[in-house]
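Step one of this worksheet: look at the structure below.
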Amino acid sequence: MTAAKNAICFVNTNGQWGGGEKWHLSTACYFRDQQVPTLMVTNRDSALYRAATQAGFSPLAMQIGNLSLLNPLKLFKLVKFFKDNGVSTVVLNLPSDAKFAGLAARLAGVRHIVYRRGMPKKPSASALNKWLFNDVITHVVGNSQEIVDKMVQGNETWFPVAKTSIIYNGVDTRQPFPAPKSLAADKAPLVIGSVGRLVDQKGQLWLVEICQRLKAKGHQVRIDIAGEGEKRAELEAAIEAAGLGEDIRLLGHVSDMAGFMAAIDLLAFTSKYEGSANTLIEALYHGVPVVAFDASSNPEVVVHGQTGLLAKAFDVADMAAKIEDLINNKTLTAQMVQSGQALVKSKFDMHRNLEKLLAIHRQQ
């Protein structure tokens, strides 16, 4: 591998594909487009490794876990990689990535060690974390205000607040926005979309009861769920037990998100917690009406009554009622869709937001 000067390296060794992995790949592509030498470190068995390879990168394959700090050979392999390639900025993903690759970056003399946090969870006040955040990491980036707040609250005595900033997720707004959705009064069935890994965090089991409630009110609906994960068998069983096999479809992993958004009429977002949810931002961009729970960072994207509707947190009956409100008030729904696209343009423009990270990389 040829040495590069002033390179940036994205370290994400998560084995699963999610919003963080999508961000790391799209951000690496953005930096490459800016003529910045761009490198990646990923897990060889991960979807990110395969996607990065298809995108023209040659990732360094490395598995990083909580015990990797005890492996000096692996540590100095990464130190050498950073030095040999002239890396001046490292962007870290998982907490284990931050600890291991963060230390390697410090030993390699990397100027900017950036930890991007995508989940609203409070870091423990351990001696290791205090050392990591204060003496190793140079920049802490959250992708929502809530994430920054969660890191700081209760840790005010030691957490380096001055190092924090927010870089929201985003979409490419340089292309014309898709035509806003119009909920046709005579369409049957009305297609409700859901996107996310099939895990407890995403709350897809609630969609079974939501479907039952809407059908009981006489609405002809179908729910299409895009995603794959450990809860699939449980979700399949719940759908079968409710007799909704014709009404709820599990589509598995969907790579063509634009096509998915074009095929649905509205989005029901049932996650229990999120950072800056790509799914919500993409739905607003594509002009899809949105209902989400009033929880976590959702209100930073879905402004109730303006860009979508917020149901009471984890209240399935209220979620179903809010979906009915969208169906029954098409004028308000159309106004919210237009406001949603305007919000995306002003707050969630990918290139404008990533200029903040580019500015960090260019600091001397």
Scanning the stretch 224-254 residue by residue, those within 23 Å of the chain's Cα centre (by Cα), of a type in the set (A, V, I, L, M, F, W, C) and either on the phi > 0 side of the Ramachandran plot or part of a strand (DSSP E or B) (or both) turn out to be ILE225, ALA226, LEU250, LEU251
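Among the candidates ALA320, ALA292, ALA313, which residue alone is at pLDDT 95 or above, buried (at least 21 other Cβ atoms within 10 Å of the Cβ) and not in a helix (DSSP H, G or I)?
ALA292
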Which condition from (1) assigned to a loop (DSSP other than H, G, I, E, B); (2) under 30 Å from SER346 (Cβ atoms) is the one that PHE260 breaks?
(1)
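Here is a check on your reading of the model: is PHE260 touching a residue at least 40 places away in the same chain (Cβ under 8 Å), open to solvent by 10 Å² or more (accessible area, probe 1.4 Å) and either closer than 28 Å to PRO120 by Cβ or more than 17 Å from the chain's Cα centre (by Cα) (or both)? I'd like the intermediate steps shown before the answer.
On the way: touching a residue at least 40 places away in the same chain (Cβ under 8 Å): yes; open to solvent by 10 Å² or more (accessible area, probe 1.4 Å): yes; either closer than 28 Å to PRO120 by Cβ or more than 17 Å from the chain's Cα centre (by Cα) (or both): yes.
Answer is yes for this residue.
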Considering the stretch 32-61, residues that are within 19 Å of the chain's Cα centre (by Cα) and not in a strand (DSSP E or B), and then whichever is modelled with the lowest pLDDT, we arrive at ALA47
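Going through the stretch 160-183 one residue at a time, which ones are hydrophobic (A, V, I, L, M, F, W, C), without any contact (Cβ under 8 Å) to a residue 60 or more places away in the chain and open to solvent by less than 50 Å² (accessible area, probe 1.4 Å)? Before you say what the answer is, go through the steps one by one.
Residues of the stretch 160-183 hydrophobic (A, V, I, L, M, F, W, C): 161-162, 166-167, 171, 177, 179, 183.
Going one step further and asking which of them are without any contact (Cβ under 8 Å) to a residue 60 or more places away in the chain, we end up with 161-162, 166.
Listed by number, the list holds a single entry, ILE166.
From the residues in the stretch 1-31 that are in a loop (DSSP other than H, G, I, E, B) and within 21 Å of VAL110 (Cα to Cα), which one is modelled with the lowest pLDDT?
Of the stretch 1-31, the ones in a loop (DSSP other than H, G, I, E, B) are 1-6, 13-18.
Right, trim to within 21 Å of VAL110 (Cα to Cα) and you get 1-6, 13.
Details: MET1: 40, THR2: 43, ALA3: 48, ALA4: 56, LYS5: 81, ASN6: 93, THR13: 97.
Per the stated criteria, the residue is MET1.
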Does the stretch 145-159 include one or more residues that are buried (at least 20 other Cβ atoms within 10 Å of the Cβ) and within 30 Å of VAL221 (Cβ to Cβ)?
no
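Each row is one residue, and each column tells you yes or no for (1) out of contact with any helix residue (DSSP H, G or I) (no Cβ under 9 Å at 6 or more places or on another chain); (2) within 24 Å of ARG362 (Cβ to Cβ); (3) of a type in the set (Val, Ile, Thr); (4) open to solvent by 40 Å² or more (accessible area, probe 1.4 Å).
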{"position": "GLY56", "(1), (2), (3), (4)": "no, yes, no, yes"}
{"position": "LEU69", "(1), (2), (3), (4)": "no, no, no, yes"}
{"position": "VAL79", "(1), (2), (3), (4)": "no, yes, yes, no"}
{"position": "VAL87", "(1), (2), (3), (4)": "no, yes, yes, no"}
{"position": "ALA108", "(1), (2), (3), (4)": "no, yes, no, no"}
{"position": "ARG116", "(1), (2), (3), (4)": "no, yes, no, no"}
{"position": "PRO123", "(1), (2), (3), (4)": "no, no, no, no"}
Filtering the stretch 333-364 down to residues that are touching a residue at least 24 places away in the same chain (Cβ under 8 Å), in a helix (DSSP H, G or I) and among the hydrophobic types (A, V, I, L, M, F, W, C) yields ALA334, MET336, VAL337, LEU343, VAL344, MET350, LEU354, LEU357, LEU358, ILE360
Filter the stretch 344-354 down to the residues that are over 11 Å from TYR168 (Cβ atoms) and either open to solvent by less than 60 Å² (accessible area, probe 1.4 Å) or of a type in the set (Phe, Trp, Tyr) (or both) and list them by number.
HIS351
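Determine, yes or no, whether SER46 is free of Cβ contacts under 8 Å to residues at least 60 places away in the same chain, farther than 17 Å from ASN143 by Cβ and open to solvent by 70 Å² or more (accessible area, probe 1.4 Å).
Values: free of Cβ contacts under 8 Å to residues at least 60 places away in the same chain: yes; farther than 17 Å from ASN143 by Cβ: yes; open to solvent by 70 Å² or more (accessible area, probe 1.4 Å): no.
No: the conditions fail for SER46.
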Write out, first by first residue and then by second, each pair whose Cβ atoms fall under 8 Å of each other, whose residues are 6+ apart or on separate chains, and whose first residue, in the stretch 193-215, is without any contact (Cβ under 8 Å) to a residue 40 or more places away in the chain and farther than 17 Å from THR279 by Cβ while the second is buried (at least 17 other Cβ atoms within 10 Å of the Cβ) and among the acidic types (Asp, Glu).
CYS211/ASP247; LYS215/ASP247
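Does ILE64 fit the bill of being assigned to a loop (DSSP other than H, G, I, E, B), hydrophobic (A, V, I, L, M, F, W, C) and within 20 Å of TRP23 (Cα to Cα)? Give the derivation first.
Details: assigned to a loop (DSSP other than H, G, I, E, B): yes; hydrophobic (A, V, I, L, M, F, W, C): yes; within 20 Å of TRP23 (Cα to Cα): yes.
Spelling it out, ILE64 is indeed assigned to a loop (DSSP other than H, G, I, E, B), hydrophobic (A, V, I, L, M, F, W, C) and within 20 Å of TRP23 (Cα to Cα).
The values are calculated or read from the model by the stated rules, or taken from the named source; none is laboratory data. The model shown is predicted, which means the values in this text are computed figures rather than measured ones. Quick reminder, even Gly has a Cβ in these numbers, built from the backbone with ideal geometry, and neighbours come from all protein chains shown. Just the protein is used for accessible areas: all its heavy atoms, side chains included, with ligands, DNA and RNA removed. Shrake-Rupley method; radii C 1.70, N 1.55, O 1.52, S 1.80 Å.
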